[in-house]
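Enquirer: Quick one: the structure is below, questions incoming.
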Amino acid sequence: MAVDPEDFTQCCKDSGILVVVKCWKENSTLNGCVTAYNTNPGFYEECNMEYLKKREEFQKTGIPTQKRLHKLPTSM
């Protein structure tokens, strides 16, 4: 079964304060998907390598990745 985060988002918007009661099914489905990713060793390794790369760049430049990307010129 495909998981669409928009289903949960729309349910939350429609339910207001009753979100906990009305959206339990969508929340359970979304949590199952997140759990599947978090227990996947390949996904963990990919995230770990991305983190280490960003950390190395920060140690070299002292500038966080997000700020460094914003400072790039728009035309060369």
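Enquirer: Go through the chain and tell me which helices (runs of 4 or more DSSP H), entirely inside it, have 1 or more residues that are aliphatic (A, V, I, L, M) and either surrounded by 12 or more Cβ atoms within 10 Å (Cβ to Cβ) or at pLDDT 90 or above (or both).
Expert: In the chain, 19-22, 24-38, 41-61 are the helices (runs of 4 or more DSSP H) which contain 1 or more residues that are aliphatic (A, V, I, L, M) and either surrounded by 12 or more Cβ atoms within 10 Å (Cβ to Cβ) or at pLDDT 90 or above (or both).
Enquirer: Then there's this: Residue by residue through the stretch 14-31, note down the ones that are under 20 Å from the mean Cα position of the chain (by Cα) and not aliphatic (A, V, I, L, M).
Expert: Listed by number, the residues that qualify are GLU26, ASN27, SER28, THR29, ASN31.
The values are calculated or read from the model by the stated rules, or taken from the named source; none is laboratory data. This is a predicted model, so every value here is computed, not measured. For neighbour counting, all protein chains shown are included, and Cβ atoms are generated from backbone atoms with ideal geometry for every residue, glycine included.
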